[in-house]
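The values are calculated or read from the model by the stated rules, or taken from the named source; none is laboratory data. Just so we're clear, the structure is a prediction, and the values are computed from it rather than from any experiment. Neighbour counts are summed over all protein chains in view; Cβ atoms, including those assigned to glycine, are modelled from backbone coordinates with ideal geometry. Heads up: the accessible areas ignore ligands, DNA and RNA and are worked out on the full protein's heavy atoms, side chains in. Shrake-Rupley method; radii C 1.70, N 1.55, O 1.52, S 1.80 Å.
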Amino acid sequence: MSATTKTRTAAEGRTASKPAQASAAARLLGDRRLPVLVTAGLFLAMYIGGLSRYQNYGFGEPQVFLNLFIDNSYLLVAAVGATFVIMSGGIDLSVGSLIGFTTMFTAWLVERQGLPLMLVIPLALGVGAFGGFLMGYVIHNFEIQPFIVTLAGLFLFRGLCLVISKESISISDSTVSSMAQTRVSLGLGELSIGAIVALVVLAAAFYILHYTRFGRRVYAIGGNEQSALLMGLPLGGTKIAVYTVSGFCSALAGLLFMLYIQSGDPLHAVGMELDAIAAVVIGGTLLTGGSGYVLGTLFGVLVLGLIKSIIQFEGTLSSWWTKIATGVLLCAFILIQRAMTARKQT
């Protein structure tokens, strides 16, 4: 074979390989599981990095890993509720204020009014769910943007916190103390009641979103609202239900946060709605809705929690580095979402 023929053959081989490589890249970007896999891989890489750097400081202890669930149980529950809303193409900015209101409402009823905690819990959950229902009702029936309605909810619940009390209310109730200190042994470590409740909520959300009609409606409405309407799906009922779920989860997160700190304060959970949204986005759920996995939200929360743990083990970094790292990750995952969206449009 002549040199010219060999050169031509090699060139043709390179030309043929380019479409194959482009096709492989396109399939990768088109895979809905890509953001979740990236988040899971990021968490694993960060955890391995922490093990290698802080192995002499106890980072590899099983309890350190379980503490990620204990210290972020309330955020996980709030993020699960936010996942329903974002998956449907909406947004909920009232999460942090509703969490703060729940801590104040519970502390006021238990400490100032002397009501038993077992009676206060369903009251707090009912108030949270009803608040979410009202916001969903206004969004659907008055056709107002979710950003505006939930922003009003943010100010409303934060204002109600200050109406109850301008000062922090410490909780000395024995039932609250007992529940806060209870630990469930897993052999290698322990989990708090809050962490167990958060994992149960996660499992329930996973089943609802992936194995029920309601879950499929949430995906359909988030993917294309007009198509869902033409298919005869109950658009209004689903939207209202989604915000009701978010309100319920926010109230439950408030109860878990109350157990975690054993007090109520009008400034509790300021900005926590942004942490919840960040966890959902880092977990791979599209901000435009219609795509994502609730397990991705779990990894998003774990990544944020792991960042805090690494900063604590480092000892020389300010806690503000948590916000900086969160911002960088958000930008990265939004770029991934943009690439995936652009691929779908082509």
Expected output for segment 302-327 (first residue open to solvent by 30 Å² or more (accessible area, probe 1.4 Å), partner among the polar types (S, T, N, Q) and not in a helix (DSSP H, G or I), Cβ below 7 Å, 6+ apart or cross-chain) is none
Please identify the pairs in which a residue from segment 48-60 that is at pLDDT 90 or above has its Cβ atom under 6 Å from the Cβ atom of a residue that is outside any helix (DSSP H, G or I) and of a type in the set (G, A, S), counting only partners at least 6 apart or on another chain. L51/G60
Picking from G189, G223, G131, which residue would you name as being more than 30 Å from T341 (Cβ to Cβ) and touching a Gly at 6+ places or on another chain (Cβ under 7 Å)? G131
Is it the case that some residue within segment 272-283 is in a loop (DSSP other than H, G, I, E, B), open to solvent by 20 Å² or more (accessible area, probe 1.4 Å) and at pLDDT below 95? no
Out of the residues in segment 169-202 that are touching a Pro at 6+ places or on another chain (Cβ under 8 Å) and in contact (Cβ under 8 Å) with a residue 60 or more places away in the chain, state the one that is most open to solvent (accessible area, probe 1.4 Å). L188
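Can you go through L330, L335, L298 and tell me which one is surrounded by fewer than 18 Cβ atoms within 10 Å (Cβ to Cβ) and either under 28 Å from V64 (Cβ atoms) or touching a Ser or Thr at 6+ places or on another chain (Cβ under 7 Å) (or both)?
Values: L335 fails: either under 28 Å from V64 (Cβ atoms) or touching a Ser or Thr at 6+ places or on another chain (Cβ under 7 Å) (or both); L298 fails: surrounded by fewer than 18 Cβ atoms within 10 Å (Cβ to Cβ).
It is L330.
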Matching residues in segment 227-267 - criterion: being assigned to a helix (DSSP H, G or I), buried (at least 24 other Cβ atoms within 10 Å of the Cβ) and of a type in the set (G, A, S): S246, G247, S250, A251, A253, G254
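Specify the residue that is most open to solvent (accessible area, probe 1.4 Å); the eligible residues are those in segment 92-125 that are free of Cβ contacts under 8 Å to residues at least 40 places away in the same chain and touching a Phe, Trp or Tyr at 6+ places or on another chain (Cβ under 9 Å).
First pass over segment 92-125, keeping only residues free of Cβ contacts under 8 Å to residues at least 40 places away in the same chain: 109, 113-115, 119-120, 122-123.
Still in the list and also touching a Phe, Trp or Tyr at 6+ places or on another chain (Cβ under 9 Å): 120, 123.
Details: V120: 0, L123: 77 Å².
Going through the qualifying residues, I end up with L123.
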In segment 284-293, anything open to solvent by less than 10 Å² (accessible area, probe 1.4 Å) and not small (G, A, S) is listed as T285
